[in-house]
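This report refers to the structure that appears directly beneath it.
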């Protein structure tokens with residue numbers, strides 16, 4: 001009988017709970033406040049996802065990465081769990097995918113001289129550039145919105161962005177600045193289904209460079225999830241200035257500039273696979289955490305398991321460093337321990353290849369993160 005009761009108690013535990021440390025109200029006081037404000041309809045709570053291709057959703061691309069990644073699938077789970085609207089209608093750079101405009105169904109036009117600026121890396125990957133003027137970059141959110149924020153490069157050598165909602169008037173945004181900085185502009189309209197159109201209205205050969213776009217419903221602000229998962233990235237890339245010199249666009253510095261309320265960081269696999277120096281990895285991860293903590297709360301998430309190139313013996317030292325950086329204050333959601341092994345994940349149909357997950361795998365990963373946040 002005792003064994004039966006013990007088994008019943010085990011079965012009653014949340015099916016998707018992940019191991020956690022430091023997950024308390026004092027560790028996530030900013031998140032608790034912004035969630036309360038979102039529930040009250042006062043202001044938006046913005047959650048930024050920092051990671052690699054497993055955060056972007058590589059492996060689930062057959063139906064569109066933007067809807068099958070674990071951050072995207074976390075959206076519907078949190079909406080039910082927290083009882084507030086959760087929005088995923090945001091773009092942060094190209095996520096390390098030079099043809100993202102072919103995969104993200106919300107990008108309805110990327111025409112003319114718009115291109116993926118593979119030499120200009122910042123938060124979430126390469127920026128979107130138009131030079132010389134010509135063509136339109138159109139973004140149509142999948143939900144009803146009334147507000148758009150456009151993040152862009154301002155510098156002594158860049159031109160003017162034409163910002164237009166649907167077929168309305170074009171707002172000219174001059175990106176000329178005395179130094180190389182990141183800036184943004186916000187435009188609003190009535191609530192509805194809209195398309196944001198971006199053009200280069202400089203009238204010369206000056207370029208414009210777009211870092212990202214956020215869209216939301218200000219009448220029901222809720223939560224916004226911003227996926228900055230960057231395919232192929234490691235902690236080195238996240239702490240390297242653009243072109244090696246422009247520190248304003250260094251991805252870790254851009255986290256502080258964009259000022260999310262919460263930053264969730266899942267960044268260990270590529271450092272492990274490349275054999276990056278563990279001391280350097282710890283220093284770089286700490287730099288990212290420090291930047292995020294300067295503007296909001298931070299949660300570290302350990303990765304899923306992998307095989308060839310990503311075997312446990314290779315990745316485990318980097319998982320240990322995640323815990324070391326967390327110390328006694330930064331929360332950790334440990335999906336690595338929860339998911340046991342690559343064999344366990346693969347048997348459940350969660351693995352697409354040696355390291356990337358399927359749609360159902362990312363769904364389970366998202367459920368693990370959501371379960372850890374269920375008491376907030």
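Each reported figure results from applying straightforward, stated rules to the coordinates on display, with no laboratory input. Note that the structure is a prediction, hence the values are computed from the model and not measured. All Cβ positions, even for glycine, are placed from backbone atoms using ideal geometry, and neighbour counts span all protein chains on display.
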Computed label-point distance, nm, for sites residue 40 and residue 337 using a 7 Å Cα→Cβ extension: 3.6 nm
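Using a Förster distance of 41 Å, how high is the FRET efficiency between residue 323 and residue 118, based on the Cβ-Cβ distance and rounded to 0.05?
About 0.75, to the nearest 0.05.
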MRE, 222 nm, helices only [DSSP H, n ≥ 4, -39500 (n - 2.57), over the chain, to nearest 500]: -8500 deg cm²/dmol
Defining a contact as two alpha carbons under 8 Å apart and six or more residues distant in sequence, what relative contact order in percent does the chain show? 25 percent
Stretched out fully, how many nm does the piece from residue 220 to residue 240 gain, at 0.36 nm a residue minus the Cα gap? 3.5 nm
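Can you bin segment 117-269 into rounded, prolate or oblate? Criterion: square roots of the alpha carbon gyration tensor eigenvalues sorted a ≥ b ≥ c, rounded for a/c under 1.5, prolate for a/b above b/c, oblate for the rest.
Oblate shape, in that a/c is at least 1.5 and b/c is the bigger or equal ratio.
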If we count other beta carbons within 10 Å of each Cβ, what is the order of 190, 172, fewest first? 190, 172
Among 362, 323, 88, what is the fewest-to-most ranking by other Cβ atoms within 10 Å? 323, 88, 362
Once you put a point 7 Å from the Cα of residue 353 and another 7 Å from the Cα of residue 143, both along the Cβ direction, what distance in nm separates them? 3.1 nm
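What's the exposure ranking of 356, 30, going from fewest to most Cβ atoms within 10 Å? Intermediate results must be reported in sequence, preceding the final value.
Details: 356 22, 30 17.
Ordered from fewest to most neighbouring Cβ atoms within 10 Å, 356, 30 come out as 30, 356.
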Return the distance in nm (one decimal) between the two label points of a simple spin-label model at residue 290 and residue 316, each offset 7 Å from Cα along Cα→Cβ. 3.1 nm
If you average the sequence gap of Cα pairs under 8 Å that are 6 or more apart and divide by the length of segment 187-283, what percent do you get for the contact order? 19 percent
Highest-fluctuation residue, 294, 184, 138 considered, GNM on the chain with Cα pairs under 10 Å: 294
How long is the gain from residue 307 to residue 111 if the chain were fully straight, where each residue apart is worth 0.36 nm and the alpha carbon distance is subtracted? 66.6 nm
At 0.36 nm per residue, minus the direct Cα-Cα distance, what do residue 360 and residue 344 gain on full extension? Give it in nm, one decimal, please. 4.4 nm
